[in-house]
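Structure record follows, encoded as structure tokens.
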Amino acid sequence: MERVSSTSMIENRHLRYFIEVARTLHMTRAAEQLHIAQPALSQNIQQLEEELGTLLIHRDGRKLSLTEAGEVFLVEAERSLQQFELAKIAAQRAGRGEVGRIALGFGSTAGVQVVPRMVKNFCVKYPDVHVDLKEMGNDAQIAALRSGEIDVAVAYGLSSNEFQSRELTPESLVVVLPSDHPSASQASIEIKELSQDSLILPLRSIAATIRDAVLAECSRAGFRPKLQQEIATIQTALGLVAMGLGVSVLPASIRYLSREGVVILPIRNSPIEVPLRLLWKRGYVSPVVQNLLETIEAPVSS
């Protein structure tokens, strides 16, 4: 048996009780439907009327009818309960990470294929989560993770005890040549063939891992490259190469971009790959972020 609260505040149970009485216009039948004792139901209805300061139910012996105030209150009570149920469902969905927002930071190369594929897979499963994409360099991603501007970073090589990370598939490097370059007609190229070319590389603040991997590859081939330009985006690199202002070495995902005046070749005998990772703050992980992580099958590193 449900006990009557001593508080005078209107609660959802008061609305539920009143709605059932209003529908049946029979106190005993309503009490049976609600699985409470009739005296408790009567006390709750009386408590509700006292709180509102008006009669909702006209009593003529055992015959019940709604007053004008009761008719109006019935409509609003049903609407209120419906809104409460919708709010409850929305809160439960948010708790499961099925609704909400997630801010994802990424470098321009990762934005060619990795990030679009990741976002598509996530949005298919969680269509009511808004994904806010922010293209930014490595240093900016770290700052944005710290400040909370982004929830997750997709970055080449970034690793820090400050963050948790998840390994993604690493990428090999490719050479980007102007279409009139002497080696452009080859099926592949050795990095040493670029020893006389001017090299276009990302700024260290934008993509330190890619830059360091390229310089390490050149060093392994026995030469120090001539740095022509330092750029912030791969589109700028491709544009400069197309104009014959140098060559570039970038992650292999740029093969999915088309650019007139540019040839992209794999590097022969190259063991170097650039690691790609997801990073997020240690500690509390929101349900939305957790759902993103679960759409990617790979182990989490500490």
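The values are calculated or read from the model by the stated rules, or taken from the named source; none is laboratory data. Predicted model, so just to flag it, every value in this text is computed and none were measured. Neighbour counts are summed over all protein chains in view; Cβ atoms, including those assigned to glycine, are modelled from backbone coordinates with ideal geometry. Note: accessible area is taken over every heavy atom of the protein model, side chains too, but ligands, DNA and RNA are not part of it. Shrake-Rupley method; radii C 1.70, N 1.55, O 1.52, S 1.80 Å.
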What's the magnitude of the charge dipole for the chain around its Cα centre, counting Lys and Arg as +1 and Asp and Glu as -1 at the beta-carbon? Answer in Debye, nearest 20. 520
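With charges set only on the Cβ (+1 for Lys and Arg, -1 for Asp and Glu), what does the dipole of region 52-93 come to about its Cα centre, in debye to the nearest 20?
Working: 6 positive and 6 negative charges, 43 e Å.
Taking the Cα centre of region 52-93 as origin, the dipole is about 200 debye.
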In square angstrom, what is the accessible area per residue of the chain with a 1.4 angstrom probe? 53
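Over all directions, average the projected area of the Cα convex hull of the chain and note it in nm².
That works out to 23.2 nm², a quarter of the Cα hull's surface.
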Would you tell me the accessible area of Asp139, worked out with a 1.4 angstrom probe on the heavy atoms of the protein chains, in Å² to the nearest 10? 100
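Which whole-number percent is the relative contact order of the chain (Cα, under 8 Å, 6+ apart)?
Working: 505 pairs, mean separation 64.4, N = 302.
RCO, the chain: 21 percent.
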Relative to the longest principal Cα axis of the chain, at what angle does helix 114-125 sit, 0 to 90 degrees, rounded to 10? 20
Lysines within cross-link reach of Lys120: Cα-Cα under 29 Å, excluding same-chain residues under 8 positions apart? Lys88, Lys134, Lys281
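Heavy atoms only, probe 1.4 Å: what % of the accessible area of region 223-302 goes to carbon and sulfur, would you let me know? Mind showing how you got there, number by number?
On the way: 2100 of 4260 Å².
Within region 223-302, the accessible surface is 49 percent carbon and sulfur.
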At a 1.4 Å probe, what is the % contribution of carbon and sulfur to the accessible area of region 69-166? 52
Highest average packing first - 109-115, 247-253, 285-291, Cβ atoms within 10 Å: 247-253, 109-115, 285-291
Among Val112, Met136, Asn161, the residue whose Cα sits farthest towards the positive end of the charge dipole of region 82-178 (+1 at Cβ of Lys and Arg, -1 at Cβ of Asp and Glu, taken about the Cα centre) is Val112
Relative contact order (percent) for region 1-117, with alpha-carbon contacts under 8 angstrom and 6 or more residues of separation? 22
Please enumerate, by chain and number, the aspartates and glutamates with C-alpha under 16 Å from the C-alpha of Lys192, excluding those fewer than 8 residues away in the same chain. Glu217
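If you take every residue apart from Val214 with its C-beta less than 15 Å away from the C-beta of Val214, what net charge results, scoring Lys and Arg +1 and Asp and Glu -1?
On the way: positive: Lys192, Arg204, Arg211, Arg220, Arg224, Lys226; negative: Glu171, Glu190, Glu193, Asp197, Asp212, Glu217, Glu230, Glu273.
With Lys, Arg at +1 and Asp, Glu at -1, the net is -2.
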Degrees, to the nearest 10: 138-147 long Cα axis against longest axis of the chain: 20
Measure nothing but the geometry: give the 0 to 90° angle between the long axis through the Cα atoms of 204-220 and the longest principal axis through the Cα atoms of the chain, rounded to 10°. 40
Dipole magnitude (debye, nearest 20) for region 233-302, charges at Cβ of Lys, Arg, Asp, Glu: 160
Can you send over the solvent-accessible area of Glu50, 1.4 Å probe, protein chains only, in Å² to the nearest 10? 130
Farthest positive-ward along the chain dipole, Cα basis, beta-carbon charges - from Ala216, Thr28, Asn121: Ala216
